[in-house]
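Data first, discussion second: the structure below is written as C-alpha cells.
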Amino acid sequence: MTIVQFFRILIARRAIFLVALISCFMGAFLVSQVMLAPRYEARSRILLKALNPDPVTGEMIADGSVESYVSTQAELVTDYQTMGAVIDRLGWANNPTLIDQYAALTGGASPDIRRWLAQNIAASTNVQLIPGSNILEIVCSGNSPEAAKEISNLIRGTYIDLNVEQKRQAALRLADWYREQGDDALVALRELERQRADYARENGIALAQNAPDAEASKLSALAMQSMMVALPAPRSPASLASPAAMQLETVRQQLAQASTTLGPNHPAYQALQRQYSVLQGEAQREQAARSAAASSGGRPDLTAALERQKARVLAQKDQVDALDRMRRAADLKRDEYLKAMQRAADLRDTASSTESDLEPMGDPIGPEKPTFPNIPLITLGSIALGAVLGIVVAVLVELLALRIRGREDLDFAAGAPLLASLDGRRGLRRWLGLRRGSSGFSGHGFNEVAGVSR
C-alpha cells in the first residue's frame, strides 16, 4: 500500500475516523470529569542540619554517606512508625465510615485498620531531596487542598517529633550504660585503694596520694645534710635540720593534702598520722644527739645515719615499687570513673534537650489546582488514541471490502499495465481520487484503459 492509497482510504472512510476520534475524546472527557476523583498535592520541607558542617568542630557527613543518609530519612518518613502516629493524630482508626470501608474490603478478616490506613497515606506520599540542597521535600496528595495540606503538615511534624524522641531515648540508653560502667569503675577503684592501704600497713610503708616514699625523702635529706657538712663554709652541723625533722615536715604536708582528699577514717590517712607521731619522737632524739655531738663535728654520726637509711630504702624498694604500681592502677581506674560519669552527665543533658537534626521550613505549600486528573494530558492522549483507532478501523474495513479508488488499485486488480486514463479531475482531487458529489469510487464512471500484457 502506497501513501497515496493510504490517504485515499482515510478520506473515503473519514466518517469512521471521525467517529472513533470523537468517541475517544468524549469518553475520556466524561471519565475525567465524572469518574476520576481530583487529587491535590501539598508540599512541606525539612532542613537536614546534619548535612551542614558542625559550627564548632567543622565536621560533617562524608560525601559517600550523604546518599545513604538521605535515603534513610526518606524511608523513615514513610515508615509505619511515622504513618501510624499520623493516623492516631487524625483519629481515622476510630472513624465509623473508614471502619465500614475496611470491613467491606477485608470481610472482617483482619482487624488492623491502623496499618491499612497508614499504608494508604504512605502510598500517596513521596519524599525527595531537592537537587543541590540539603532540603527534604514531602509531597502528599489528598482529595481536597485542605486535606492534602493538613496531612503533609502532620507527616512533617510527626516525623520531627519522633526524631527528637528517638534521639532522647538513645541518649538515655547510652547514659545508663556509661553510668553502669562508672559504678563498676568506682567499685574497682575502692578495692584497689583498700588493697594498697593494706599492703602499705603490712609492710610499714607510708605513701600518701601522689607523694614520694617517706624513707626515700629521709634519705634525700640525709644526703643533702652530708653534702652541706662537706662544704668548706664554716657552718655548724647543729644549725642544719635533722633528717627526721625534714621527714616530719614532709609527712605533715602529706597529712594536710590527705585531709582534703581522704576521710579521717581512711587507712592511708591513719597510717600517716601514726608515722607523724613516730617521726616527732625521732626528730626530738636526733636533735638531742646532734646537739651533744656538735662539739665533735658530728660527721661520723651523719655518715652512719646515711648508710643506715640507704640500707632501709634498698630493703623496701620492692615493696615501694609494688605500692607505686597499685597507685598507678588506682589512678587509671579513677580516670575511667570520672570520664564515664562525665559522659553520662553529657548524655543526660542531651536527653533533656528538644533540639533535632531536622528543622521545618515554613508552612506547607497548598495546591491551587488539582494535579490529577491532568485534563490537558488526557485530552491529548484521547485524541491520539482516537486517531490511531480510527485509522486502524478504517484500514480494516477497507481490506474487508476492497474498492478501486485510483489507477494504482486498477493496475493491481487487472494485473496489466495501465495504457491511458480519461478523467476530468485535476490537481489534488485527481491525486487523491476524489470527484464531485462522491466520497470515493465504486468502479463505475472511471474511464481507464488497461492494456493487455504481452
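When you scan segment 153-162, do you find a residue that is open to solvent by less than 30 Å² (accessible area, probe 1.4 Å) and either assigned to a strand (DSSP E or B) or among the hydroxyl-bearing types (Ser, Thr, Tyr) (or both), even just one? Within segment 153-162 (the criterion being open to solvent by less than 30 Å² (accessible area, probe 1.4 Å) and either assigned to a strand (DSSP E or B) or among the hydroxyl-bearing types (Ser, Thr, Tyr) (or both)), the answer is yes, since at least one residue qualifies. Listed by position, the helices (runs of 4 or more DSSP H) enclosed by segment 239-320 that each have at least 2 residues that are at pLDDT 70 or above and closer than 28 Å to Glu191 by Cβ are 243-261, 267-292. Scanning segment 409-423 for any residue that is surrounded by 13 or more Cβ atoms within 10 Å (Cβ to Cβ) and modelled with pLDDT of 80 or more turns up nothing. For beta carbons closer than 6 Å, sequence separation of 6+ or different chains, a first residue in segment 67-90 that is at negative phi and a second that is open to solvent by less than 40 Å² (accessible area, probe 1.4 Å) and at pLDDT below 90, the qualifying pairs are Ile87/Ala93. Of all residues in segment 130-145, those that are closer than 16 Å to Tyr159 by Cβ have Cβ atoms under 9 Å from Cβ atoms of residues that are acidic (Asp, Glu) and open to solvent by 40 Å² or more (accessible area, probe 1.4 Å), 6 or more apart or on another chain, in Val139/Glu41; Cys140/Glu41.
Listed by position, the helices (runs of 4 or more DSSP H) enclosed by segment 73-141 that each have at least 1 residues that are at pLDDT 90 or above, open to solvent by 80 Å² or more (accessible area, probe 1.4 Å) and more than 21 Å from Glu359 (Cα to Cα) are 80-90, 113-123.
The values are calculated or read from the model by the stated rules, or taken from the named source; none is laboratory data. Quick caveat, the model's predicted, so the values are computed rather than measured. Counting neighbours? That spans all protein chains shown, and the Cβs are built from the backbone with ideal geometry, glycine included. For accessibility, only protein heavy atoms count, side chains too; no ligands or nucleic acids. Shrake-Rupley method; radii C 1.70, N 1.55, O 1.52, S 1.80 Å.
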